[in-house]
Amino acid sequence: FFGYKLSASADKRYKLIRKIKVCTASEHDTLHLEDVLDPCNTRRDVYADKGYLNGKREARLTGEGWRMHIQRKGSKEKPLSEAQ
């Protein structure tokens, strides 16, 4: 069997797909986040699961004006706060 992964960026206001990236299933999803971000999108919000969490990436994208809404990871030693 062959598999593939699809990453997409959607415009919230117009409900259109702005960018799309298709790759083999062997590539990790997080490699394509920057490829599908579109600075011309009507919103600057980035929603992603906790696998995309990376301090350097988050700082860089926030500096470029993106609003990060990436899920946070909790651990036994450091559980998530109510806000997280």
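Read the figures in this text as sums done on the coordinates, not as results from a lab. As the structure is a computational prediction, the values presented were derived from the model and not from experiment. Reconstructed Cβ throughout: ideal geometry from the backbone, glycine too, with neighbour counts over all protein chains shown.
Details
- Using the Cβ-Cβ distance between Q84 and F2 with R0 set to 30 Å, the FRET efficiency from 1/(1 + (r/R0)^6) comes to roughly 0.20.
- Subtracting the Cα-Cα distance of V22 and E77 from their residue separation scaled by 0.36 nm leaves 16.0 nm.
- Full-stretch length increase - Y47, T30 - with 0.36 nm per residue and alpha-carbon distance subtracted: 4.9 nm
- Full-extension gain in nm, E58 to K12, via 0.36 nm per residue minus C-alpha separation: 14.4 nm
- For the chain, the fraction of C-alpha pairs farther apart than 17 angstrom is 55 percent.
- Listed cross-link partners K5/K76; K12/K78; K15/K78; K21/K56; K12/K56; K12/K76 are compared with a 29 Å cut-off, the Cα-Cα value being larger for K5/K76; K12/K78; K15/K78; K12/K76.
- Spatial separation of Cα centroids for segment 70-84 and segment 1-57, in angstrom: 23 Å
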